[in-house]
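The values are calculated or read from the model by the stated rules, or taken from the named source; none is laboratory data. Computed from a prediction, not measured in an experiment: that's the story for all the values here. Cβ placement follows ideal geometry from the backbone for every residue including glycine, while neighbour counts extend to all protein chains displayed.
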Amino acid sequence: MSRQKIAIVGAGLSGAVIGRELAEAGHEVVIFDRRDHIAGNCHTERDAETGVMVHVYGPHIFHTDDAEVWDYVNRFQAFKPYKNRVKTTSRDQVFSLPVNLHTINQFFGKTLRPDEAKAFIEEQADTSITDPQTFEEQALRFVGRDLYEAFFEGYTQKQWGCSPRDLPASILKRLPVRFNYDDDYFFHKFQGMPENGYTEMVDGILDHPDITIRLKTGFDRKDTGNYDHTFYSGALDGYFDYAKGRLGYRTLDFERFTYEGDYQGCAVMNYGETSVPYTRITEHKHFSPWEKHDGSVCYREYARECGPDDTPYYPIRLVKEKEQLAEYVALANAEEGISFVGRLGTYRYLDMDVTIREALDTARLFLDLHDKQERMPAFLNPPL
């Protein structure tokens, strides 16, 4: 198999994993990133004042059922056990999320058993809604108005900047209701945090003699001609200079503050009421419970519409964005020598484990097609 010169745009998880796989197969890989650091939005660094490992762009918690992906990340960084247990402040009380048997009993002042709680919540539900189409209808159908207004309505309005009546029901389908006392936010077999942070893990992935990293360096569409193939994990609309308009994203602002001691006793505290302007407070030392620190670093997190100079976090994917997206997909499919990958390149919300799985699959497909002298598609995982 002939050695090729590969450009990868973005030194986050997608770019790092694809780059490593292709370098190990004998190709020359050059990775570009506009930022001054690797690891993308999962970048971590130690706070000089407190020694706390800080998730600079907000918390990233690794969870997966994919054994190969779990083994892959542990190859480059030892993962410590970590369970995400989220709390929420509502109506002057602190509750556990996801909504579970403890939440239900505490909220309604009852001592229901699992079967009793199921029947009780079904009584609260609006059973006249047979085919929920919006976020609000989904919530009203399955948990009823009281739980919806306490835990979902305000938080969702702040997070997405619009009424839950305007959001698709699919967003809420990711949030379970449990009729036991399990308060583990995720249900995956493998859960953990990298012992020394995600940036050190990504640095290990990128540590290969056939990988060159160019930080603080942009990549233009015309630059693809200098490479045999390009993998692009930047914004899909940005690659085409926003010719069809900007796709919609939500971004996050972080108000950082320090505290001497333990500020809130947990890693994540949500605030569901609209009277509180931020969506949550994260206390970063609790993401590394095996470490001990006297001081603490916290972030108040605010969500808003993403502007041209902001870091995009969550693709909105409402009707308007999907219509634009279809136009960009058509443009991408007409390109030669480039594949679009990752959260920004495919305009999809992806957890870290899915990002890594898709990156591994993308690299393997490229190697297979290159061996067969066949064309690599623009998308391994089409956005629509």
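Residue pairs whose Cβ atoms lie under 8 Å apart, sitting 6 or more positions apart in sequence or on different chains, and linking a residue in segment 115-142 that is without any contact (Cβ under 8 Å) to a residue 24 or more places away in the chain to a partner that is aliphatic (A, V, I, L, M) and part of a loop (DSSP other than H, G, I, E, B), are Phe120/Leu112; Gln124/Val143; Ala125/Val143; Leu140/Ala125; Leu140/Ile129; Arg141/Ala125; Arg141/Ile129.
Selection over segment 9-25 of residues that are more than 15 Å from Val341 (Cα to Cα) and out of contact with any strand residue (DSSP E or B) (no Cβ under 8 Å at 6 or more places or on another chain) gives a count of 2. Applying the selection to segment 23-38, what residues are in contact with an Asp or Glu (Cβ under 9 Å, 6 or more places away or on another chain) and closer than 27 Å to Ile61 by Cα? Hits for segment 23-38 are Phe32, His37, Ile38. Counting just the residues of segment 249-281 that are of a type in the set (Gly, Ala, Ser) and at pLDDT 95 or above, which one comes out farthest from the chain's Cα centre (by Cα)? Checking each candidate, the answer is Gly261. Take the conditions at pLDDT 95 or above and either of a type in the set (Val, Ile, Thr) or part of a helix (DSSP H, G or I) (or both) and apply them to Ala139. Does it pass? So Ala139 does not fit the description; no.
Residue pairs whose Cβ atoms lie under 6 Å apart, sitting 6 or more positions apart in sequence or on different chains, and linking a residue in segment 88-111 that is free of Cβ contacts under 8 Å to residues at least 40 places away in the same chain and under 20 Å from Tyr278 (Cβ atoms) to a partner that is surrounded by fewer than 14 Cβ atoms within 10 Å (Cβ to Cβ) and among the polar types (S, T, N, Q), do not occur here. The residue list Gly342, Gly337 contains one member that is in contact (Cβ under 8 Å) with a residue 40 or more places away in the chain, of a type outside the set (A, V, I, L, M) and buried (at least 21 other Cβ atoms within 10 Å of the Cβ), which is Gly342. In the set (1) among the acidic types (Asp, Glu); (2) over 30 Å from Tyr185 (Cα atoms); (3) not in a helix (DSSP H, G or I), Asp368 fails one condition alone, (3).
Confirm whether Gly307 is modelled with pLDDT of 95 or more and at positive phi. Criteria not met by Gly307.
From the list Phe187, Phe151, the lone residue that is crowded, with 17+ Cβ neighbours inside 10 Å, closer than 27 Å to Asp353 by Cβ and not β-branched (Val, Ile, Thr) is Phe151. The C-beta contact set for segment 35-61 (first residue under 12 Å from Ser296 (Cβ atoms), second residue of a type in the set (Gly, Ala, Ser) and outside any loop (DSSP other than H, G, I, E, B), distance under 6 angstrom, 6+ apart or interchain) comprises Thr50/Gly295. Just the residues that are touching a Pro at 6+ places or on another chain (Cβ under 7 Å) and assigned to a loop (DSSP other than H, G, I, E, B), please, taken from segment 183-228. Matches in segment 183-228: Tyr185 only. Scanning segment 99-136 for residues that are over 17 Å from Tyr148 (Cβ atoms), in contact with a helix residue (DSSP H, G or I) (Cβ under 7 Å, 6 or more places away or on another chain) and in a loop (DSSP other than H, G, I, E, B) yields a count of 2. Thr89 versus (1) touching a Gly at 6+ places or on another chain (Cβ under 8 Å); (2) in a loop (DSSP other than H, G, I, E, B): which is the lone unmet condition? Status for Thr89: all satisfied but (2). Please determine, by comparing only the residues of segment 227-278 that are among the aliphatic types (A, V, I, L, M) and surrounded by 14 or more Cβ atoms within 10 Å (Cβ to Cβ), which one is nearest to Phe340 (Cα to Cα). The selected residue is Leu236. Mind checking whether some residue in segment 349-369 is under 30 Å from Thr88 (Cα atoms) and at pLDDT below 95? Yes, segment 349-369 contains at least one residue that is under 30 Å from Thr88 (Cα atoms) and at pLDDT below 95. Of the candidates Ile205, Ile281, the single residue that is within 22 Å of Thr50 (Cβ to Cβ) and crowded, with 19+ Cβ neighbours inside 10 Å is Ile281. For segment 157-179, taking the residues that are of a type in the set (Gly, Ala, Ser) and at pLDDT below 90, the one that is nearest to Phe135 (Cα to Cα) is identified as Ala169. In summary, strands (runs of 3 or more DSSP E) completely within segment 1-83 and bearing 1 or more residues that are of a type in the set (Ser, Thr, Tyr), surrounded by 23 or more Cβ atoms within 10 Å (Cβ to Cβ) and at pLDDT 95 or above occur at 44-46.
If the condition is being of a type in the set (A, V, I, L, M, F, W, C), in a helix (DSSP H, G or I) and within 13 Å of Phe231 (Cβ to Cβ), then segment 332-365 contributes Ala332, Leu344, Ala359, Leu360, Ala363, Leu365. Name the single residue that is surrounded by the fewest Cβ atoms within 10 Å (Cβ to Cβ) among those in segment 293-323 being farther than 22 Å from Tyr349 by Cβ and of a type outside the set (Ser, Thr, Tyr). Here the residue is Asp294.
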